[in-house]
Every structure is written in C-alpha cells, then in structure tokens.
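The values are calculated or read from the model by the stated rules, or taken from the named source; none is laboratory data. Since the model is a prediction, treat every value here as computed from it, not as a measurement. Cβ placement follows ideal geometry from the backbone for every residue including glycine, while neighbour counts extend to all protein chains displayed. All accessible areas refer to the heavy atoms of the entire protein, side chains included, with ligands and DNA or RNA removed. Shrake-Rupley method; radii C 1.70, N 1.55, O 1.52, S 1.80 Å.
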Amino acid sequence: MGIYTDVMFNLSGTVVTTLTAMNFGVGSTAGAYAPQLNGKLLKVTIHLVPQAASSLAEHGRYELSQTNWKPNLIRFWVPGFGLQTVAGRGSDGNQRTHEFPVDLTVQTDWPITGEVAYVGTGPVTPTMIVQGTFSIGG
C-alpha cells in the first residue's frame, strides 16, 4: 500500500463570508475533486496564507462532503491571522498549516465537494489550500 498527496481544493483572494464552493485541484474553477486512485483519505491539511500586508482572515470553516461517507459531511475550523501590518508574511506568529487525521474511503468515481467560509471576519485577500494525504487501495 502506497501513500500520495494531492491538492484537493484552493481559493485565493476571494472574500467569502458564507459557504462558497472552492476551486478543485490547482485550477481556478469551482467544482468537485476526484481522487486520483481508489483508497483512503488519511489526512486533510489546510493551509491559510495572507497574500499582502493588508490581508486578514481571523478564522475559517471548511466543509468536505461525499454521499458515500458516514457521516456525509466533515467540518474543519481553522484559526487564521489578523491584519498583516508588515509586508512579511507570517508576521503575527500564528500557525498557517492545520492537519486533521481522517479515515475515509475514496474512489475515483466518488467526487468530493469542498466549501469554505470566513464567517464574521471581513476577510481580505486570504489564500487557502486544502491538501489530502491518501493511501492506495484498501
């Protein structure tokens, strides 16, 4: 059994305060993500990164759903970052990467839907990437 990682979703520079579909993979189109191989989703890693000194995203809620999962919907909350008052990224000292262990069966013909919201934070130009760690086979 092997392991691989893949970018499942991304969204950059968009102010979303209600649940909004994320772009699938590394592209710029909202839609569902299809795993490359049948197996298991072992870990979800969420990266939340400021783009500029004016960036702001205090926290975010991420949801992944798939009709064959039990439960069908998994939610992740991640702390974000305050206003970036200097040009350097990470100037506030907050962690930008958050890992969540999961154990979910995936198949290439079972699309996964992803949504994000920065509820109540008035986000400004955040970039987020959702990365999956997968096992191959059962």
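How big is the gap, in Å, between the Cα center of region 55-86 and the Cα center of region 1-41?
Cα centroid to Cα centroid, the span is 13 Å.
Would you mind calculating the gained length between His98 and Ala52 on full extension (0.36 nm times residue separation, minus the Cα-Cα distance), in nm to one decimal? Could you put the intermediate results ahead of the total?
Values: separation 46, 0.36 × 46 = 16.56 nm, distance 2.06 nm.
Between His98 and Ala52, full extension yields 14.5 nm more.
Ranking request for peptides 16-25, 63-72: highest mean number of other beta-carbon atoms within 10 Å first, then the rest in descending order.
Working: 16-25: 16.7, 63-72: 14.3.
Sorting 16-25, 63-72 by mean packing, highest first, produces 16-25, 63-72.
Around Ala32, what is the net charge, scoring Lys/Arg as +1 and Asp/Glu as -1 over all other residues with Cβ under 14 Å from its Cβ?
Details: positive: none; negative: Asp6, Glu63, Asp109, Glu115.
My count for the surroundings of Ala32 gives -4.
For the chain, what does the accessible surface come to per residue with a 1.4 Å probe? Please give it in Å².
Details: 6630 Å² over 138 residues.
The answer is 48 Å² per residue.
Return an integer: the convex hull volume of the alpha-carbon atoms of the chain, in Å³ per residue. List each step's numbers first, then the result.
Working: hull volume 13.6 nm³, N = 138.
Value for the chain: 99 Å³ per residue.
Pop out the carbon and sulfur fraction of the accessible area of the chain as a percent, whole number, probe 1.4 Å. Write out the running numbers ahead of the final one.
Values: 3750 of 6630 Å².
That share works out to 57 percent.
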